[in-house]
Amino acid sequence: MISERARARLKLSLVFAIFLLPPAAAWLLHSLAPEWQPFGTMNHGTLITPPRPLSVEGLTAAAGGAPRALKLPGRWTLVVVASVPCESACRRALYDTRQARIALGKDAGRVQRLLVLDAAPGPSALGHIRNEHPDLETARADPEWLAPFATRDGQTPSAGSMYIVDPQGNLMMRYAPDADPEGLLKDLKRLLRVSRAG
């Protein structure tokens, strides 16, 4: 027969086990399989791991000179990467990012948008982009600046690909040109909710 003292110790041991087992299992799983991710992750975009740092070095404003008000560290940035001319996939991505930013309501000021092109657009194309998207910063990038956007297998981004850059200037999430804009908006809302930065 178990004594009262032994029963109390057993209960105490069970309480400790209940609290210590989950973190111990998580540590063990992370140690044995660091690449494993649980099924049903909440994000809709593809997480870029590890995040890749970016800066405005290597960017030139589409009309020449330095980009006007672009500061990658400090705000969340929605980036669209495309080739000149900005055709259907590029235009759709610009529309989707504009609508996502508008849908953020009072948090819209925490997010800026950037269109990165591989060459300078003509004056009429640039005028059209500015009329449709007055809040959009448009820049052209040298190939070195675009290197972090390449996929793991070295593929350059498809025209109209969308990205999220965090307020520390890290490229952290990728969306295909045909991605559901609702997914982009949900991810953005979640990031803004859990982060005070930007």
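Observations on the model:
- Here the chain is assigned +1 on the Cβ of each Lys and Arg and -1 on the Cβ of each Asp and Glu. Its dipole about the Cα centre then comes out at about 1060 debye.
- Rounded to 0.05, the FRET efficiency of the Met42 and Arg196 pair, given R0 = 22 Å and the Cβ-Cβ distance, is 0.65.
- Dividing the mean sequence gap of close Cα pairs (under 8 Å, 6+ apart) by how many residues the range 137-197 holds gives a relative contact order of 20 percent.
- Mean-square fluctuations from a GNM of the chain, with a 10 angstrom spring cutoff on Cα atoms, peak among Gly160, Gly45, Gly127 at Gly127.
- Spatially close Lys pairs in the chain, defined by Cα atoms under 21 Å apart and a spacing of eight or more places or different chains, total 4.
- Among Lys106, Lys189, the ranking by other beta carbons within 10 Å of each residue's beta carbon, starting with the fewest, stands as Lys106, Lys189.
- Shape class of the range 46-194 from the Cα gyration tensor (axes a ≥ b ≥ c, square roots of the eigenvalues): rounded, since a/c falls below 1.5.
- Within the listed set Arg152, Arg101, Arg110, the residue fluctuating most in the Gaussian network model of the chain (springs between alpha-carbon atoms under 10 angstrom) is Arg152.
- Dividing the summed -39500 (n - 2.57) terms of all DSSP H runs of n ≥ 4 by the residue count of the chain sets its mean residue ellipticity at 222 nm at -12000 deg cm²/dmol.
Taken together, the values in this text are just the output of simple stated rules run on the coordinates, not laboratory data. These numbers were taken from a predicted model, which means no experiment stands behind them. Every residue, glycine as well, gets a Cβ built from its backbone with ideal geometry; the counts of neighbours run over all protein chains shown.
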